[in-house]
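Below is one structure; the comments refer to it alone.
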Amino acid sequence: MSFQKFSGTGVAVTTPFRQDQSVDHQALKKHIHFLLENGVDYLVVLGTTGESVTLDAQEQLAVVDTVREANNGKVPIVVGAGGNNTAAVLEKIKKIDFHGIDAILSVTPYYNKPSQKGIYQHFKTIAENSPVPVILYNVPGRTGKNIEPETIVSLARDFDKIVAVKEASGSLVQAMHIIDHKPEDFLVVSGEDNITLPLMSLGVEGVISVVANAFPKEWSHMVNYALKNDFRSARDLHYKMMTIVEKLFAEGNPAGIKCALDIRGIIPNRLRLPLTTVSQQLEDEMKELIENLDQA
């Protein structure tokens, strides 16, 4: 079974907040429409960029409902459903209304640092209980634990429900090992914007992007060029965007991307503690870069 619907540009969607820190559902709808109008291939909600860890269970379900309504079946939707308590992840999955939802994105268990055997058993249990396909999310810089290539490949071979990995280890070598040994239909997608293009030159089939929140047209064009093996055109866009990408992550995610979205007039620059907005210096630098990009 092919899951090419998860190739191309997926967007790790931000969650906008009102002044009183409640979720701004009208701003979220506006943001989804902006993404759809500018050519993204699918939406990923309740991830790191969506500040899901500071949303309560009711807010999380409401965000999914809003995105589903705004999307109206236009592109696939992936919902974040992970954690470091396997039983709690299963309970979370049971509460999700999967109408119009195409997959879950499930992060490596964090903090308690399970062995590779524990990681395998964790995702085995999720795969056996999820009503939709599962995309693994390997981000050792946040979780403190890497899913080794052998574990990813074993999960891909052993469970039809596990269809892809969002690979954010930052290691080109690790990505190559996964690509070289994975089943044919298993997708490897980039989890890091700044190395998406080099990863795609090695066989990665797209990205779940932070940057595409604010620059969906540019990022989608770059990814599409790479998918068509037009790396000259893709490279031009990569270098055009490179400094902006670096600045977006200079003081953490999603602080940088929310600043950029505010500068572009898409959603307000508000985060929930413990996250805070970027420094005035970085905001000024980003304003100049975005103005130059928009005028180019």
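We did not get these values from a lab; they are worked out from the coordinates using the rules stated. Being a predicted model, the structure only gives us computed values, none of them experimental. Positions of Cβ are generated from backbone atoms using ideal geometry, with glycine treated the same way; all protein chains shown enter the neighbour counts.
Can you put Ile93, Ile147 in order, fewest other beta carbons within 10 Å first? Don't jump to the answer; show the numbers that get you there.
Working: Ile93 19, Ile147 26.
Going from least to most buried by this count: Ile93, Ile147.
Between Glu150 and Asp294, what is 0.36 nm times their sequence separation minus the Cα-Cα distance? Round to one decimal in nm.
Working: separation 144, 0.36 × 144 = 51.84 nm, distance 4.35 nm.
Full extension from Glu150 to Asp294 adds 47.5 nm.
Highest first, please rank the peptides 217-228, 115-126 by the mean number of other Cβ atoms sitting within 10 Å of their residues.
Averaged packing, sorted descending, gives the order 217-228, 115-126.
Mind putting together the pair-distance distribution for the chain? All Cα pairs, 5 Å bins, whole percent per bin, short to long.
Values per bin, smallest distances first: 1, 5, 13, 17, 19, 18, 14, 8, 3, 1, 0.
What are the lysines whose alpha-carbon lies under 16 Å from the alpha-carbon of Lys113, with same-chain residues fewer than 8 places away excluded?
Leaving aside lysines fewer than 8 places away in the same chain, those within reach of Lys113 are Lys145.
Using only the C-alpha atoms of region 169-296, find the volume of their convex hull and express it per residue in Å³.
Normalising the Cα hull of region 169-296 by residue number yields 117 Å³.
Fewest first, what order do Asp180, Asp56 take by the number of other Cβ atoms within 10 Å?
Values: Asp180 11, Asp56 8.
Ranking Asp180, Asp56 by Cβ neighbours within 10 Å, fewest first, gives Asp56, Asp180.
In deg cm²/dmol and to the nearest 500, what is the mean residue ellipticity at 222 nm of the chain if only DSSP H runs of at least 4 residues count, each as -39500 (n - 2.57), divided by the residue total?
So the helix-based figure for the chain works out to -14500 deg cm²/dmol.
Which is farthest toward the positive dipole end of the chain among Val207, Ser190, Ala88, measuring Cα position about the Cα centre, with Cβ charges +1 (Lys, Arg) and -1 (Asp, Glu)?
Highest projection toward the positive end goes to Ala88.
Fully extended, how many nm does the chain gain between Gln116 and Thr243 (0.36 nm per residue separation, minus their Cα-Cα distance)?
Working: separation 127, 0.36 × 127 = 45.72 nm, distance 3.63 nm.
Result for the pair: 42.1 nm of gain on full extension.
Can you put Leu248, Leu289 in order, fewest other beta carbons within 10 Å first? Could you put the intermediate results ahead of the total?
On the way: Leu248 29, Leu289 18.
Fewest-to-most ranking of Leu248, Leu289: Leu289, Leu248.
When the chain is fully extended, how far beyond the present Cα-Cα distance does Arg18 get from Asp230, taking 0.36 nm per residue of separation? Don't skip to the answer; put the middle values down first.
Details: separation 212, 0.36 × 212 = 76.32 nm, distance 4.18 nm.
Going from the current span to full extension adds 72.1 nm.
Lys30: which lysines have alpha carbons under 24 Å from its alpha carbon, excluding same-chain residues fewer than 8 sequence positions away?
The reachable lysines, counting only those whose Cα sits under 24 Å from Lys30, are Lys5, Lys74, Lys217, Lys258, Lys287.
Taking the Cα centre of the chain as the origin, how large is its charge dipole in debye, to the nearest 20, when only Lys and Arg (+1) and Asp and Glu (-1) carry charge on their Cβ atoms?
Values: 29 positive and 36 negative charges, 90 e Å.
Using only the charged Cβ atoms, the result is roughly 440 debye.
Pairs of alpha-carbon atoms within less than 8 angstrom and 6+ residues apart define the contacts here; what relative contact order does region 4-227 have, in percent? Kindly include the intermediate steps, with their values, before the conclusion.
Working: 419 pairs, mean separation 46.9, N = 224.
RCO, region 4-227: 21 percent.
If I model a spin label as a point 7 Å beyond the Cα along the Cα-Cβ vector, how far apart are those points for Leu90 and Leu202 in nm?
3.5 nm
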